[in-house]
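Chemist: The structure is given below, and queries will be raised subsequently.
Please treat every number below as a calculation from the coordinates, not as lab data. Note that the coordinates shown come from a computational prediction; the quantities given were computed from them, not determined experimentally. Neighbour counts are summed over all protein chains in view; Cβ atoms, including those assigned to glycine, are modelled from backbone coordinates with ideal geometry.
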Amino acid sequence: MTQQPWGPPRQQQPWGQAQSGWQQPQWPQSGGWPAAPQRHTRPVPAGGYFAPPPPRRGNPLRTLFLVLSGLAAAAVLALVVVGLSTSTGESAYENEDYQVPPESASPPPLPEYPTTVEEALDALENNPLYASTMPVPIRCELPEGNTWEMSEDELDAFLTEQMACLTRAWQPPLTEAGWTEVRPPVTVYRDQVTSACGSLEGAEAVNAFYCPADQAVYFSTLMFEYLPDLRQPRVTELVMAHEYGHNVQARANILVPGSLLQANIDDEEVALEISRRTEVQADCLAGLFLHSTAQSLELTEAELASVDQALFNIGDDALSGDPDVVGNHGRGASRQLWGGRGYASSDVGVCNTFVAPASEVE
């Protein structure tokens, strides 16, 4: 049966009412994202940022620093609860015969985007990626040293090697699901950057993000100065695993359908919910990677606690200082929940946030 063009979504879905016509999303241009408490007049498509950038009021970077520095310890260490069983024992590494490709400056195009609501919802909820499994354990050998003490060249080498680890880990499930894996290039910068998604400078550039327009990952070294959690072991790896999660979403035809729904739904609260489902899914995919590489990285209980605390601290509520905020990335407790679910499993299906209750993606 021929599907109808863009119209109201299925009634059982919480996506609200759609506008007529199918508008293609515009990836974020100069200016980046507003802080979590601010409201959009129109939904803004998700572009793969690790966290909302600092607020623009007053001295935004100082504000972010003070907010994060004053946070209490997280109530639940979700990643620690699942234990360290994957980091012990002697097992042969999986996918060792796979030759990780070099970084691709000219990656193959993303899958064709949906043209109807039904297609978009199906891509989000019933994606074949959810039936795949992450190989465990995967070898990941990263350069020694604290990332926050590295020069830009050293950090670039560190993050580039982690991209190789991520590609080795994600190649089997993406291939199993029928998608094409791509190893994204990494750009390390300080306070200004230009990507195919636009240009950022100053406070708005202090972030890490994935750009679907060029399928590349970007990381600002100023993050170490204004996000204290990044000066804790393994949190940089969490950030990059989250951004690679957006790469997985893009290659598996999840990121673009979510952005299309946001661009075409005339309900700001619903658009923000779709954004949160996308972001906490990237947290969950990052957890899967940490689970997969826990043995080779020799993750400790203290390192997992740092990762869990960081997930809480970059929640919309923690960053804004408002426990009731309705943001675009998810509150700290939600981000911990999904990061922990990923770490506790090797089944990609545990990260299907698009069929989860709204209460789990607040």
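Chemist: Does a label point 7 Å from the Cα of THR175, set along Cα-to-beta-carbon, have any residues of the range 130-147 with amide nitrogen under 16 Å, and which are they?
Modeler: 132-139
Chemist: Can you tell me what share of the DSSP beta bridges in the range 173-258 is antiparallel? A percent to the nearest 5 is fine. Can you show the working numbers first?
Modeler: Numbers: 8 of 12 bridges.
Roughly 65 percent of the beta bridges in the range 173-258 run antiparallel, per DSSP.
Chemist: Right, another one. Take the alpha-carbon positions of the range 60-360, form their convex hull, and give its projected area averaged over all directions (one quarter of the hull surface) in nm².
Modeler: With every direction weighted equally, the projected area is 14.7 nm².
Chemist: Determine which residues of the range 333-356 fall in the zone a paramagnetic label at ALA131 would reach in this model, i.e. backbone nitrogen under 13 Å from the point 7 Å along Cα→Cβ.
Modeler: Correct set: 349.
Chemist: Right, another one. Roughly how many nanometres apart are two label points built 7 Å out from the Cα toward the Cβ at ASP324 and ALA157?
Modeler: Each label point lies 7 Å from its Cα, and together they span 5.2 nm.
Chemist: Where Rh is the Kirkwood radius over the Cα pairs of the range 98-145, the temperature 10 °C and the viscosity 1.306 mPa s, what D in µm²/s does Stokes-Einstein return?
Modeler: Using the Kirkwood radius from Cα pairs, D works out to 106 µm²/s.
Chemist: Any idea what diffusion coefficient the range 118-254 gets from Stokes-Einstein, in µm²/s, Kirkwood Rh on alpha carbon pairs, 10 °C, 1.306 mPa s?
Modeler: Values: Rh = 15.9 Å.
Result for D is 100 µm²/s.
Chemist: I'd like the distance between the alpha-carbon centres of the range 154-220 and the range 267-333, rounded to an integer number of Å.
Modeler: The range 154-220 and the range 267-333 have Cα centres separated by 18 Å.
Chemist: How many nm separate the modelled label positions at ASP97 and GLU360, each set 7 Å beyond the Cα in the direction of the Cβ?
Modeler: 3.6
Chemist: Once R0 is set to 51 Å, what does the formula 1/(1 + (r/R0)^6) return for the Cβ-Cβ distance between ASP266 and ARG231, expressed as a FRET efficiency to the nearest 0.05? Spell out each step's value before the answer.
Modeler: Working: r = 42 Å, r/R0 = 0.83.
Efficiency for this residue pair is about 0.75.
Chemist: Hey, another quick one. Could you check the spin-label model distance between SER199 and ALA302? Points 7 Å from the Cα along Cα→Cβ, value in nm.
Modeler: In this crude label model, SER199 to ALA302 measures out at 4.4 nm.
Chemist: Then there's this: If you put +1 on each Lys and Arg Cβ and -1 on each Asp and Glu Cβ, how big is the dipole of the range 60-360 around its Cα centre, in Debye rounded to 20?
Modeler: With Lys and Arg at +1 and Asp and Glu at -1, about 260 debye.
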